[in-house]
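The values are calculated or read from the model by the stated rules, or taken from the named source; none is laboratory data. Quick caveat: nothing in here was measured; it's all calculated off a predicted structure. Reconstructed Cβ throughout: ideal geometry from the backbone, glycine too, with neighbour counts over all protein chains shown.
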Amino acid sequence: MKICCLKGSPRKNGNTNSLVNIILKGFEEAGGRVTVYDLYDMHLRPCLACRGCQKDWSIVNCVQNDDMAKIFESVMDCDLLLLATPIYSWYCTAPMKAALDRMVYALNMYYGGERGPSLWKGKKVALVTTCGYPPEKGSDLFEDGIKRYCKHSQLEYIGMLCERHMGYKVPFMDYGKEERAAAFAEDLIRKLSGIMQEGPLHHADAETAGSEMKGVIRRVTALKPFILEAEFTGGEIRQYDCRKLIDEFPAFQAMVRDPEIFMHPKVACAGYGIVWNDELDVASEEIWEKGKVIG
Ligand SMILES: Cc1cc2nc3c(=O)[nH]c(=O)nc-3n(C[C@H](O)[C@H](O)[C@H](O)COP(=O)(O)O)c2cc1C
């Protein structure tokens, strides 16, 4: 099992690397061979759209002589391409985007006179992202973009782990994030081994696949103002008092003015959060960690 990981954060000890390092450790412990590229340390130019790569369909053939050559080699040799990036302006960081552009041309022979093959057809791709907004508003566009990128390139997209950064004054890593990162690594390992079985999954698949991963909600009910009851995918039920949110976040005062708003919560982002409207939401992790266990 060979993993090629592209790290796209400028902060070596930042959020994204803290998360992805747990996943890489999981791969190594399972006997995986991991090759990591720290894109901010590399010399990577953007794609020039010269289409020099399209002339010979039998080789990966970019005219630019920079560090992308090492990445092409490693990607062609890997079973899983793991892209780890903070979300910048609703997408990945600039060096990651440069690498994605270089790969979509150099590895897909679609852009010459005639349409040729995808040279990396069938490779698996997974994402690790961190963002400031709730995942459904922070990483959604990048995930959608990568899903389309994979479909176009005949790659197999196998999931994303996204964790939220609550601000520079709040420590990013906590027990829940560590657990979810380890569970995500296990899930990827299973998918790489081709073993389809029940077990911890990343949040995007959790609802449909019956995941046991903690912190993923499958049902929510507003019991009375301002008590939410959430059922998690492992069957646990927790009640959460939303007055905490009202005290902390001014936008939640809207619920005090009109308690009817509170009475209509919805599960969002495949169980990763609860939303009432564009302004009001709470992460599943908050309910998991601070909610009262009922069952
Ligand atoms: C330039 C810049 C742009 C950002 N844009 C977004 C954004 O569009 N959406 C979002 O949710 N977070 C955004 N963020 C927040 C980062 O994604 C978040 O802090 C992330 O966890 C940083 O990861 P790192 O510690 O690996 O650098 C942005 C941060 C920076 C510095």
Item to complete: Give the residue that is farthest from the ligand (Cβ to nearest atom), with candidates limited to residues of region 144-176 that are within 18 Å of Asp101 (Cβ to Cβ) and touching a residue at least 60 places away in the same chain (Cβ under 8 Å).
Response: Leu155
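Would you confirm whether any residue within region 123-143 is surrounded by fewer than 17 Cβ atoms within 10 Å (Cβ to Cβ), within 16 Å of the ligand (Cβ to nearest atom) and within 12 Å of the chain's Cα centre (by Cα)?
First, the residues of region 123-143 that are surrounded by fewer than 17 Cβ atoms within 10 Å (Cβ to Cβ): 132-133, 141.
When the remaining residues are screened for being within 16 Å of the ligand (Cβ to nearest atom), the result is 132-133, 141.
So of that shortlist, the ones also within 12 Å of the chain's Cα centre (by Cα) come out as 141.
Yes - at least one qualifying residue is present in region 123-143.
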Worksheet item: Just for region 1-53: of the residues that are more than 16 Å from the ligand (Cβ to nearest atom) and of a type in the set (A, V, I, L, M), which one is surrounded by the most Cβ atoms within 10 Å (Cβ to Cβ)?
Response: Ile3
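Return yes or no: is Phe184 touching a His at 6+ places or on another chain (Cβ under 7 Å) and at pLDDT 95 or above? Show your work before the answer.
Values: touching a His at 6+ places or on another chain (Cβ under 7 Å): yes; at pLDDT 95 or above: yes.
Spelling it out, Phe184 is indeed touching a His at 6+ places or on another chain (Cβ under 7 Å) and at pLDDT 95 or above.
Given the criteria among the basic types (Lys, Arg) and assigned to a loop (DSSP other than H, G, I, E, B), does Arg115 qualify? Explain how you work it out, then say what you get.
Details: among the basic types (Lys, Arg): yes; assigned to a loop (DSSP other than H, G, I, E, B): yes.
Spelling it out, Arg115 is indeed among the basic types (Lys, Arg) and assigned to a loop (DSSP other than H, G, I, E, B).
Of a type in the set (Phe, Trp, Tyr) and either touching a helix residue (DSSP H, G or I) at 6+ places or on another chain (Cβ under 8 Å) or free of Cβ contacts under 8 Å to residues at least 40 places away in the same chain (or both) - does that describe any residue in region 118-132?
Taking every residue of region 118-132 in turn, at least one turns out to be of a type in the set (Phe, Trp, Tyr) and either touching a helix residue (DSSP H, G or I) at 6+ places or on another chain (Cβ under 8 Å) or free of Cβ contacts under 8 Å to residues at least 40 places away in the same chain (or both).
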Practice prompt. Go through the residues of region 54-61 one by one and say whether even a single one is buried (at least 20 other Cβ atoms within 10 Å of the Cβ) and in contact (Cβ under 8 Å) with a residue 40 or more places away in the chain.
Written response: no
Item to complete: Go through Ala49, Ala98, Ala69, Ala84 for me and flag whichever is under 30 Å from Ile274 (Cβ atoms) and either of a type in the set (A, V, I, L, M, F, W, C) or in a loop (DSSP other than H, G, I, E, B) (or both).
Response: Ala84
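Could you please let me know if Tyr110 is more than 19 Å from the chain's Cα centre (by Cα), within 20 Å of Glu73 (Cα to Cα) and surrounded by fewer than 16 Cβ atoms within 10 Å (Cβ to Cβ)? Spell out the reasoning first.
Values: more than 19 Å from the chain's Cα centre (by Cα): yes; within 20 Å of Glu73 (Cα to Cα): yes; surrounded by fewer than 16 Cβ atoms within 10 Å (Cβ to Cβ): yes.
Criteria met by Tyr110.
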Fill in: Residues being farther than 20 Å from Glu163 by Cβ and out of contact with any strand residue (DSSP E or B) (no Cβ under 6 Å at 6 or more places or on another chain) - total across region 249-274
13
